[in-house]
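Below is one structure, written out as structure tokens, with a few remarks after it.
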Amino acid sequence: DQPRSRGLGDVYKRQHKKFMYFCPMYSKEIIKGTLKPIILKLLEQEGRMYGYEITSKVKVLTQGKIQITEGALYPLLHKLEAEGIVITEQENIGKRIRKYYLLTPEGKNLATAAIDEFLDFMITIKSILDPTANISYGNAK
């Protein structure tokens, strides 16, 4: 038996699993905990978005500092859908079907709570890492 060839497809699959988040500026551990509030906030602002639109918007808003891969985004979107936080709508675009994600009423409430919680968390971490900084929750919004 000859060893199986490891072509570019194999390399891509290994790299794709290894790097679910491609963030030139931040570690994947930091980004992992922020992905849910980021997605919820974007859906709250935009109303409905499709996956590639979400990844593109994050990249633009962060000037390329955060780049979310499909391997990170879609499992979370599917989880949010299973939990009743988002629903999907399908639309025909030419010969393709595009799936849009929207917040449910429960999802809208959760989005507000998750964003508030994350903003409060950032302030708490800032108070530990830079105790001389004078910021409060109201200034974070």
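Among (1) open to solvent by 60 Å² or more (accessible area, probe 1.4 Å); (2) more than 17 Å from the chain's Cα centre (by Cα); (3) modelled with pLDDT of 90 or more; (4) within 26 Å of T55 (Cβ to Cβ), there is one condition K141 misses while meeting the rest; what is its number?
K141 satisfies every listed condition except (3).
Count, please, the residues in the stretch 85-125 that happen to be part of a helix (DSSP H, G or I) and open to solvent by less than 80 Å² (accessible area, probe 1.4 Å).
14
Could you tell me whether L61 is surrounded by 14 or more Cβ atoms within 10 Å (Cβ to Cβ) and modelled with pLDDT of 90 or more?
Here the answer is no, as L61 does not meet what is asked.
Quick one: count up the residues across the stretch 126-136 that are open to solvent by less than 70 Å² (accessible area, probe 1.4 Å) and at pLDDT below 70.
1
The values are calculated or read from the model by the stated rules, or taken from the named source; none is laboratory data. Only a predicted model underlies this, so the values are computations on that prediction, with no experimental measurement involved. Using ideal geometry, Cβ is built from the backbone for each residue, glycine included, and neighbour counts are taken over all protein chains shown. These accessible areas exclude ligands, DNA and RNA; they are computed on the full protein's heavy atoms, side chains included. Shrake-Rupley method; radii C 1.70, N 1.55, O 1.52, S 1.80 Å.
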